[in-house]
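Asks: Before anything else, here's the structure in question.
All of the numbers you see were taken from the coordinates with simple rules; none came from a lab. Computed from a predicted model, the values in this text were never measured in an experiment. Reconstructed Cβ throughout: ideal geometry from the backbone, glycine too, with neighbour counts over all protein chains shown.
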Amino acid sequence: MMKLHWSPKSPYVRKVMVCAHELGLTDQIELVRSVAAMLKPNARLMEDNPLSKIPTLVLADGFALFDSVVICEYLNDLGDGTLFPREGSDKWQALRWHAFGDGLLDAAILWRNERERAQPLQTLIDAFELKTRASLRQLDDEAQALAETPFSIGHIAVACALGYLDYRFDAFGWRGLAPRLAEWEAELRKRPSLQQTEPIDG
């Protein structure tokens, strides 16, 4: 049995869990609720990951994998291998969307962290918002390609980034900025793997 340091609010954990559901591996993973606060390193988590970050996947032999990029690829190899195309243009498109989704997530998380500070720096907030808006415009232009390309890790990463915007930036209203992307996301979110991993408080 594998052990996953997990939180129901982490979009990177969600990405891993979507992969696990898609690959039929959830029954092989024990979820361990782990808090990974930036200002308070988690001593128990650090026994498996000295960076005190989630997700961290501990294999049956005690070997720990991190971060989400590595864990998702490991699960893909453990499963049927369909989430990471092996060659050709599909491979590079999937990896690009994977990086794009994670990059959008990084910007949104830093934006939220700055927003929650007692004295947020407006220039930083403006920069994160600018990057987010530009990313949404680009993804909106690629919505048809997302819809026509076989489901992969790239689709999962983009969907998890958009889900995080729903969860933490509801008032931002990203769907109004990217209507074609919103139409694609509405169809994709019907997948059970995404429905079963919606972020929740608690």
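Asks: Can you pull out the GluC sites (Glu not before Pro) in region 115-164 that DSSP calls coil and that have at most 14 other Cβ atoms within 10 Å?
Replies: Glu116
Asks: Also, I was wondering about something else. Restricting to DSSP H runs of at least four residues, report the calculated mean residue ellipticity at 222 nm for the chain, -39500 (n - 2.57) per run over all residues, nearest 500 deg cm²/dmol.
Replies: On the way: 10 runs with 116 residues, N = 202.
Result for the chain, helices only: -17500 deg cm²/dmol.
Asks: Take every DSSP beta bridge whose two residues both sit in the chain, then give the antiparallel share in percent to the nearest 5.
Replies: Counting only bridges with both partners in the chain, antiparallel ones make up about 55 percent.
Asks: Can you return the lysines within cross-link range of Lys190? Criterion is Cα-Cα under 18 Å, with same-chain partners fewer than 8 residues away left out.
Replies: The reachable lysines, counting only those whose Cα sits under 18 Å from Lys190, are Lys15.
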